[in-house]
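Colleague: Take this structure first; my questions come after.
The values are calculated or read from the model by the stated rules, or taken from the named source; none is laboratory data. A quick note: this is a predicted structure, and the numbers were derived from the prediction, not measured. Backbone-built Cβ (ideal geometry, glycine too); neighbour counts: all protein chains shown.
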Protein chains: 4
Amino acid sequence: MELLPGAPRAPHNLMATAPATPIQVGIVGGTGYTGVELLRLLAQHPSVQLRAITSRKEDGMPVAEMYPSLRGRVDLAFSHPDNASLADCDVVFFATPHGVAMAQAESLLAAGVKIIDLAADFRLQDLASFEQWYKMPHACPQILREAVYGLPELHREAIAKARVVGNPGCYPTTVALGLAPLLENGGRLIDTQTLIADCKSGVTGAGRKAEVGMLYSEVSDSFKAYGVAGHRHHPEIVEQLQALRGGPVGLTFVPHLTPMVRGMHSTLYARLTPEGRDTDFQALFEQRYANDAFVDVMPAGSTPETRSVRASNMIRIAVHRPNNGDQLVVLVIQDNLVKGASGQAVQNMNIMFGLPETTGLQHIAVLP
Amino acid sequence: MELLPGAPRAPHNLMATAPATPIQVGIVGGTGYTGVELLRLLAQHPSVQLRAITSRKEDGMPVAEMYPSLRGRVDLAFSHPDNASLADCDVVFFATPHGVAMAQAESLLAAGVKIIDLAADFRLQDLASFEQWYKMPHACPQILREAVYGLPELHREAIAKARVVGNPGCYPTTVALGLAPLLENGGRLIDTQTLIADCKSGVTGAGRKAEVGMLYSEVSDSFKAYGVAGHRHHPEIVEQLQALRGGPVGLTFVPHLTPMVRGMHSTLYARLTPEGRDTDFQALFEQRYANDAFVDVMPAGSTPETRSVRASNMIRIAVHRPNNGDQLVVLVIQDNLVKGASGQAVQNMNIMFGLPETTGLQHIAVLP
Amino acid sequence: MELLPGAPRAPHNLMATAPATPIQVGIVGGTGYTGVELLRLLAQHPSVQLRAITSRKEDGMPVAEMYPSLRGRVDLAFSHPDNASLADCDVVFFATPHGVAMAQAESLLAAGVKIIDLAADFRLQDLASFEQWYKMPHACPQILREAVYGLPELHREAIAKARVVGNPGCYPTTVALGLAPLLENGGRLIDTQTLIADCKSGVTGAGRKAEVGMLYSEVSDSFKAYGVAGHRHHPEIVEQLQALRGGPVGLTFVPHLTPMVRGMHSTLYARLTPEGRDTDFQALFEQRYANDAFVDVMPAGSTPETRSVRASNMIRIAVHRPNNGDQLVVLVIQDNLVKGASGQAVQNMNIMFGLPETTGLQHIAVLP
Amino acid sequence: MELLPGAPRAPHNLMATAPATPIQVGIVGGTGYTGVELLRLLAQHPSVQLRAITSRKEDGMPVAEMYPSLRGRVDLAFSHPDNASLADCDVVFFATPHGVAMAQAESLLAAGVKIIDLAADFRLQDLASFEQWYKMPHACPQILREAVYGLPELHREAIAKARVVGNPGCYPTTVALGLAPLLENGGRLIDTQTLIADCKSGVTGAGRKAEVGMLYSEVSDSFKAYGVAGHRHHPEIVEQLQALRGGPVGLTFVPHLTPMVRGMHSTLYARLTPEGRDTDFQALFEQRYANDAFVDVMPAGSTPETRSVRASNMIRIAVHRPNNGDQLVVLVIQDNLVKGASGQAVQNMNIMFGLPETTGLQHIAVLP
């Protein structure tokens, strides 16, 4: 079977060729869910050599002992950050708590190593907002300034040239891609001040921390909203939406915790302007993403289910206008650990190293 | 322990007294989830005598054979509708597909039997809307006209006098109660034309039908919207909201299927009018439901989880106004099988027969 | 509806009468799952006055704030153990880690307070075994000697007279009741040296501790054995089985973790002796439990599902002899938090205080 | 990363080379779970050309419309069996109900097409047993006689030469591989007459049929045994075990339904003979499977969890001898849809066509 999901959809991918020698990759802090997902993807990536993975706490433990799914596939052991030869890598992924990447960025860059941070250190350009939400001063504002927000469908060219990429949050990926076609060109089609994002996330979004609130017996067979009064992803989303529109944007964002392991479903609401009423939104979305291999605009009337992207890097979007009224409803789904985190990070790596964007990311979703 | 959840909250309940002889109860079509839930509640109700339960298909099968949870507690067998002495009952619950209750209503009423229909036959006063959504002509429009919409918190007095009650749909219960305080008195506090109800339901909401789409392996670990283009509960909700406001209301309603057995979470969005900006919504909601034993307005800032009402008749509401802005967010949870169906039906029965409203409905939620 | 599940099944219950004044109850350590389940049951118990609930960590927090399911039903706040007037109670339940009850037993008994310990302090009569498995010396061996193992179906008379009851572990309850009819009278029907208990537990069995291994994202959609090399419940089970047989017993016990909140399913294997081959095991089991209100021997050929006892105090047993061969298979189900913990504790309290055994424990299982 | 999971483990795989032209593959009946799983695997297989997929009922529907996970990856539509050019294929997979493959086998073989049947038509050599359990006469006993049981770890050489392969049932795969090292060489190490297989399956094992018993709301948060009196896989397992031993074998087999989508966990019990007591079972198992790429014998003391093989073709085995006693406990896990069905079918295809056995089956398990 042909493995590319459709050449016409991603012509820019086909010009690149794989490097003669594999990319040397390091991972800092690979014990969490984005870490093991990075390992799953990179261990199957045809152009990658996994060099080092660090964990202060698990120093010496074989990775496959913590994650038996990797037995026979990943031979590395966790090494102490002090001993890991990260400076010999071509790229280092940070799958760490917020604040770790920015502490090491300067020395790695000096050694010629590229950085992809899966935490928030290089996502927000607004320093005050970063400090308000992450409760720490930014360690290297000048590096932040050159960092690129790693959402390839919005910033592909900049990512290709970046030394530092801030990999987007899971919620922001869905909201930004679900609203981008409506906001580009000035956002004249919708009321940009009354946007609503009602988002539902699987539990892996909360990470692999020992917290009572994320126990099976707490989360199972239940559903709730959280962070209604404020959530770290809100300023990140707004910053991207404002850049898309080229002006201020008003957004109400309500995240919800859903009893499932992986998966994210964002239901986005936008009110049409009089100008918007005459728009063919199905065509608008299809054209916008015609060249993006990982964005699948579904046929009109679709209601995508999250399992249709489980363990894959795809994002699926369906656009609805109920009763042909003034309220647009955009449904966006992704696997929060893949396109919402580690898959997107690998996609960024591919772009940064001139590989076809889909390299090593062609896994078909696991359904059922 | 005192079993009433707080006398001051429901003074009207305390004046009634239990009837000397138990209410004679019949159930038509008790093989589905609302049926077995009715059985669970009625078998533990102190003032009820279960007389007959019918099922054309399961004629002769002991109820406890289909539902082993009822072994030793319900001795009845299903009987054929033709042989069931429903006319000897005081009240008959219809836990049937749409269309069954209206076919039998006239003869039962003639025999002096009250009717509580858990299907849609007596919910919608708008005949055209009924026929459009349920694809059948209404069999008894004159009975429909006298029927009362069985939402006690809105129509308690009318229910007390009713011969026929149309028990509300699960979604409408949450949306109507979540928006009622905002719509009463003319709805001057919010923009009544741009309401949004983003609702999430557990899978029992789809009933106990053999359908591929509701198989464990289809629904588990996944999330999706459905019925975006139109859903039967939409006209039912709108009819109630318009009655509350006393005028037209615009509503976008998007239901979602959530991988949990029981539970419903409605996230409601309303934009404030300038007049609304000065309102203390926490106080407004608390006062509105001060006398309703089954509506619990949570403290400001709460995010209720559906399991906190699992298997109980409670509904919990939390009101949010993020960043003190113009967007009000109301969170409403219930157990879709209890307050969203069978519990509310028993609550209606209590009112119709002069019992304290909470009789037999005091079960504390099962958590975890 | 009549609330007793069948008078003929439990004649001994009917002779007792409720005390004129409610039992004064204290709970030590009520923040875990057995604690909140005790609260659910006791708050609905007609003869109980909840006096105090202690938690060192949550001192001052209203119970209903931690468990919103109890809002409006339990007004108590957690109090510091030092300030709780436990000595004024009639009975104190310990829903604590192992070792807490034995430290307080002496002073409570001196004050005339009865004790029901849901941890392991008073389960094992073999001190060496206790110390080996719980890694602590026993604080009061003389009290342990008078303590009664709180499995009413085996030790009802002793419980009625006990000052201290060691409430059984969840696994032991199912294994002891599933094998008791085979072991009593010397165990001549089966090979008592090659018993196997293959047990499956819901996740609440692991308690409400912040542990990575019990996170939703770790446990969901997966299944595994654990403790194959040894489990604390093994000596407890064996002690009971040996008492039943009146001699040594050999048991292989393999517990498994199942992705469900509540529920336990034990599949028990026993090889028949030549004498056993002529036994009518269905009749044996039915007769053995004819007077036990909470043990339901299912009809021959049944395969009970755990949800049929969810949130109820019932235990269901089915006996199989595949192909009429020499291998007996006994299936036992319970809700691990009710009959496997808090429900059984309340059942013990009822017996200790002369109440009908089923008082406050009549809840019908929540299905679905 | 190197994609082979360890050359030393599967030396025989490395001698084969991929065919110059892709294998032409047909699938009969691809609408069920084994069908979509075959599609997932074959669409990513480097040496396969998917030619036709048939469904009487879904004739004309694009496969990706039924399974959106395949959008952009599988362009085929279902075709009517009468129109599908199966005779042009090199191999046809039957992912159909029992009885379909045997009706078409003769004509396909005549056309030179190889057959891999995922149903039971070619599993049991005992015709009487087949007819007893599947309630139909066998249509082609002579073809059955030449058919090979497709468990590569037991019958690799025969599979390589086979025209017809009966792909094993999911339970039999785990039980046969878990007991093979104990039964080969005459089974002198264990009592071969008292074997027990206590097996737990995810819900996809029941297929994608519209049945009330497999609804989410029936299966979720519950656990039960089924088929205790008899199960179709029992004679299939016994036939394999007897072939391994070279003599009669006694087995008690109890399957259980577990609330998870994919995954199977078999807990196997065997009593040691005096000769067995001196055996190093860890070494025995490791040596037995040293050359099998898809069988992972875990380190001593392990308790594998099913998610560690989710969506992968691995099977993991752990051998326990609690307290160094006479009872051996073998834990076996697999993904019932991969190694237990479609993955094993592809593994068989690889062998039949001289490909390295692991071709297209290297997917790392999806965890979490």
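Colleague: Kindly state which strands (runs of 3 or more DSSP E) lie completely within the range A:285-368 and contain at least 3 residues that are in contact (Cβ under 8 Å) with a residue 24 or more places away in the chain and under 16 Å from the mean Cα position of the chain (by Cα).
Modeller: In the range A:285-368, A:327-334 are the strands (runs of 3 or more DSSP E) which contain 3 or more residues that are in contact (Cβ under 8 Å) with a residue 24 or more places away in the chain and under 16 Å from the mean Cα position of the chain (by Cα).
Colleague: Among the listed residues A:280, A:326, which satisfies the condition of being more than 17 Å from residue A:168 (Cβ to Cβ), of a type in the set (Asp, Glu) and out of contact with any strand residue (DSSP E or B) (no Cβ under 9 Å at 6 or more places or on another chain)?
Modeller: Matching residue, one of A:280, A:326: A:280.
Colleague: Looking only at residues that are of a type in the set (Lys, Arg) and buried (at least 24 other Cβ atoms within 10 Å of the Cβ) in the range D:300-345, which one is nearest to residue D:160 (Cα to Cα)?
Modeller: Among those that are of a type in the set (Lys, Arg) and buried (at least 24 other Cβ atoms within 10 Å of the Cβ), it is D:339.
Colleague: May I ask you to verify whether residue B:69 is on the phi < 0 side of the Ramachandran plot and touching a Leu at 6+ places or on another chain (Cβ under 6 Å)?
Modeller: For residue B:69, the condition - on the phi < 0 side of the Ramachandran plot and touching a Leu at 6+ places or on another chain (Cβ under 6 Å) - is met.
Colleague: Just one of B:232, B:271, B:277 is without any contact (Cβ under 8 Å) to a residue 60 or more places away in the chain and basic (Lys, Arg); which is it?
Modeller: B:277
Colleague: Pairs please, first residue from the range B:48-76 and more than 9 Å from every other protein chain (Cβ to nearest Cβ), second anywhere and among the acidic types (Asp, Glu), Cβ atoms under 7 Å, 6+ apart in sequence or on different chains.
Modeller: B:51/B:88; B:66/B:58
Colleague: Provide a single number: the residues in the range A:336-368 that are among the hydroxyl-bearing types (Ser, Thr, Tyr) and more than 15 Å from residue A:115 (Cα to Cα).
Modeller: Going through the range A:336-368 one residue at a time, the tally reaches 2.
Colleague: Of all residues in the range B:226-254 being of a type outside the set (A, V, I, L, M, F, W, C) and within 12 Å of chain A (Cβ to nearest Cβ), which is farthest from residue D:31 (Cα to Cα)?
Modeller: B:250
Colleague: Here is a check on your reading of the model: is residue A:285 touching a helix residue (DSSP H, G or I) at 6+ places or on another chain (Cβ under 7 Å), more than 14 Å from chain B (Cβ to nearest Cβ), among the aromatic types (Phe, Trp, Tyr) and under 29 Å from residue A:42 (Cβ atoms)?
Modeller: no
Colleague: Would you check which residues across the range B:266-284 are surrounded by fewer than 18 Cβ atoms within 10 Å (Cβ to Cβ) and outside any helix (DSSP H, G or I) and list them?
Modeller: Within the range B:266-284, B:273, B:274, B:275, B:280 qualify.
Colleague: Let me ask something additional. Sort out which residues of the range D:251-273 are closer than 16 Å to residue D:231 by Cβ and of a type outside the set (S, T, N, Q), and write them in order of number.
Modeller: D:251, D:253, D:254, D:255, D:256, D:257, D:264, D:268
Colleague: Further question on the same structure: Output the residues belonging to the range B:242-251 that are out of contact with any Pro (no Cβ under 9 Å at 6 or more places or on another chain) and in a helix (DSSP H, G or I).
Modeller: Result: B:243, B:244, B:245.
Colleague: Something else now. Here is a list: B:250, B:205, B:263. Which entry is surrounded by fewer than 19 Cβ atoms within 10 Å (Cβ to Cβ) and at pLDDT 95 or above?
Modeller: B:250
Colleague: Moving on. Just need a number here: residues in the range D:179-225 that are within 13 Å of another protein chain (Cβ to nearest Cβ), part of a helix (DSSP H, G or I) and in contact (Cβ under 8 Å) with a residue 60 or more places away in the chain.
Modeller: 2
Colleague: Only one residue in A:248, A:255 is in the same structural domain as residue A:199 (by TED's automatic domain parsing) and either of a type in the set (A, V, I, L, M) or closer than 20 Å to residue A:206 by Cα (or both). Which one?
Modeller: A:255
Colleague: Given the options A:309, A:297, A:319, name the one that is under 30 Å from residue B:250 (Cβ atoms) and within 13 Å of chain B (Cβ to nearest Cβ).
Modeller: A:319
Colleague: Among the residues of the range B:143-159, how many are of a type outside the set (Val, Ile, Thr), part of a helix (DSSP H, G or I) and in contact with a strand residue (DSSP E or B) (Cβ under 9 Å, 6 or more places away or on another chain)?
Modeller: Here the count works out to 5.
Colleague: Test of understanding: among C:88, C:126, C:117, C:121, which residue is among the acidic types (Asp, Glu), more than 22 Å from the chain's Cα centre (by Cα) and either more than 14 Å from chain B (Cβ to nearest Cβ) or under 27 Å from residue C:338 (Cβ atoms) (or both)?
Modeller: C:88
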